[in-house]
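Report on the following structure.
The values are calculated or read from the model by the stated rules, or taken from the named source; none is laboratory data. This structure is a prediction, so every number in the text was calculated from the model and none was measured. Because the Cβ atoms are built from the backbone with ideal geometry, glycine has one as well, and the counts that use them run over all protein chains shown. Only protein heavy atoms, including side chains, enter the accessible area calculation; ligands, DNA and RNA are left aside. Shrake-Rupley method; radii C 1.70, N 1.55, O 1.52, S 1.80 Å.
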Amino acid sequence: MLYVIAVVSGVLFVIMICTLRVIRQVNILGAVRYMWALYWIIPIHIFLVISLFDYHRVTNVWVRHWWTSPTMDWIRTLFCEDDTANAECMVPIMGGEDFDTEDEWCLFNFNSTNCTDIRGDAEMDSKTLFYFFYTVNGIWGALLVLLLIMTLDVLQGIITPPIVKASKGANIPLWLTLPMSGCFVIGCIFLFAPSSSLAAANEQVRWTGIAYLIAAGTFTISALLGWFLANIQDKRSKKVAVHLFIFMMLLTIAAIVAIFSTSLIFSLEVSPVRLSAEKRGNIACSIDAGASCTNCFDDLDENRCPEWSEGEVKKVIQTELKPSATMAAI
């Protein structure tokens with residue numbers, strides 16, 4: 001998430017540097033282009049900042065299950081006791097595949113039983129660092145969003161409201177491209193991404209991905225109708241296109257409201273996500289990128305990945321649903 005925010009911020013920085021000349025020369029055409037760039041970037045940035053704040057919910061899950069992965073090497077070196085970063089501090093959850101408990105693993109490898117305590121203390125310190133890091137970056141991101149909104153407001157005043165209104169009316173397809181792309185990408189992630197927990201969750205949650213694709217389709221049709229309206233002169237055809245455009249936008253609003261309501265209800269546990277032992281194991285094996293899972297190829301589905309509790313899997317599902325609610329609201 002931080003990498004994506006950094007990329008978006010980098011693009012914004014380049015755009016702002018290129019726009020300095022436009023502002024100095026009061027180039028209206030260039031200012032209009034800058035306005036549209038802000039219209040695109042602000043919703044993306046709001047979405048990313050809110051998602052970043054929500055990562056607090058799964059930070060403990062991420063640290064626990066990615067602890068022994070190469071991405072955590074530096075963190076282990078920083079917080080584990082001396083000379084334990086690649087030894088006692090790497091005790092696998094529940095002893096891993098070859099041992100029944102963490103103490104058995106520790107006794108076999110190091111003739112000790114303090115591995116769990118060493119790892120637990122280091123994990124606690126690292127979580128504190130991550131919480132602080134996410135909070136500071138989230139605050140900076142929120143301040144940047146406020147500055148962008150203020151910049152957009154001032155820019156529209158410079159361009160003047162009539163020109164802004166005319167530009168919006170003439171660029172309806174461009175206006176709808178962002179939500180269309182967002183709905184399509186998120187719908188595909190929810191339904192087809194191997195690492196998406198929603199791809200394996202119950203149907204009550206999974207249909208949200210289908211609703212996103214429906215919304216992407218209605219946005220696409222609306223954009224085409226907007227282009228048609230901007231390029232025809234026949235009054236009768238324009239009247240029909242206007243009625244079709246309104247109808248498609250109503251369908252779009254209905255789909256977005258359904259997505260927002262479902263995502264919010266399940267993410268806030270108003271209606272709990274129900275997971276059988278089989279689904280818990282299957283989802284855990286599909287989202288575990290830290291190699292903490294065992295028995296993922298076991299014939300008995302309920303024995304898969306006992307390292308992940310049902311509560312941890314639900315946290316990941318709910319964290320995926322909150323950005324969905326944010327996207328629908330935007």
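In table form, for the structure just shown:
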{"read-out": "Tally of residues being more than 11 Å from Met90 (Cα to Cα) and among the acidic types (Asp, Glu) across the range 58-80", "value": "0"}
{"read-out": "Condition met for Thr68 (under 15 Å from the mean Cα position of the chain (by Cα) and either of a type in the set (S, T, N, Q) or surrounded by fewer than 17 Cβ atoms within 10 Å (Cβ to Cβ) (or both))", "value": "no"}
{"read-out": "Pair list, Cβ < 7 Å and 6+ apart or interchain, from the range 93-109 residues that are over 21 Å from Asn60 (Cβ atoms) to residues that are open to solvent by 90 Å² or more (accessible area, probe 1.4 Å) and part of a helix (DSSP H, G or I)", "value": "Phe99/Phe108"}
{"read-out": "Cross-chain or 6+ apart pairs with Cβ under 7 Å, the range 56-84 first and in a helix (DSSP H, G or I), then aromatic (Phe, Trp, Tyr) and open to solvent by 40 Å² or more (accessible area, probe 1.4 Å)", "value": "His56/Tyr131; Thr59/Tyr131; Met72/Trp66"}
{"read-out": "Residues of the range 309-324 satisfying the condition of being touching a residue at least 60 places away in the same chain (Cβ under 8 Å) and of a type in the set (Asp, Glu)", "value": "Glu312, Glu320"}
{"read-out": "Evaluation of Phe99 against (1) hydrophobic (A, V, I, L, M, F, W, C); (2) under 30 Å from Trp175 (Cα atoms); (3) not in a helix (DSSP H, G or I) (one fails), failing number", "value": "(2)"}
{"read-out": "Condition met for Ile42 (open to solvent by 10 Å² or more (accessible area, probe 1.4 Å) and over 20 Å from the mean Cα position of the chain (by Cα))", "value": "no"}
{"read-out": "Per-region count, the range 20-30, residues in contact with a Ser or Thr (Cβ under 9 Å, 6 or more places away or on another chain) and either buried (at least 19 other Cβ atoms within 10 Å of the Cβ) or of a type in the set (Val, Ile, Thr) (or both)", "value": "1"}
{"read-out": "Some residue of the range 72-90 being among the hydrophobic types (A, V, I, L, M, F, W, C) and in contact with a Gly (Cβ under 9 Å, 6 or more places away or on another chain)", "value": "yes"}
{"read-out": "Pair list, Cβ under 6 Å, 6 or more apart: the range 226-238 residue touching a residue at least 40 places away in the same chain (Cβ under 8 Å), other residue small (Gly, Ala, Ser)", "value": "Leu229/Ala241; Ala230/Ala170"}
{"read-out": "Residue that is farthest from Arg64 (Cα to Cα) [pool: residues in the range 76-108 that are of a type in the set (Val, Ile, Thr) and open to solvent by less than 50 Å² (accessible area, probe 1.4 Å)]", "value": "Thr84"}
{"read-out": "Residue that is farthest from the chain's Cα centre (by Cα), among those in the range 85-123 that are among the aliphatic types (A, V, I, L, M) and over 20 Å from Trp308 (Cβ atoms)", "value": "Leu107"}
{"read-out": "Test: residue in the range 114-136 that is out of contact with any strand residue (DSSP E or B) (no Cβ under 8 Å at 6 or more places or on another chain), closer than 30 Å to Arg33 by Cα and not in a helix (DSSP H, G or I)", "value": "no"}
{"read-out": "Candidate set: the range 109-139, residues that are touching a helix residue (DSSP H, G or I) at 6+ places or on another chain (Cβ under 8 Å), hydrophobic (A, V, I, L, M, F, W, C) and over 27 Å from Ile46 (Cβ atoms); chosen: the one most open to solvent (accessible area, probe 1.4 Å)", "value": "Phe110"}
{"read-out": "Subset of the range 187-218 (residues that are open to solvent by 20 Å² or more (accessible area, probe 1.4 Å) and either modelled with pLDDT of 80 or more or part of a loop (DSSP other than H, G, I, E, B) (or both))", "value": "Cys188, Ala193, Pro194, Ser195, Ala200, Ile210, Leu213, Ile214, Gly217"}
{"read-out": "Hits in the range 43-62 (condition: at pLDDT below 85 and among the β-branched types (Val, Ile, Thr))", "value": "Ile44, Ile46, Val49, Ile50, Val58, Thr59"}
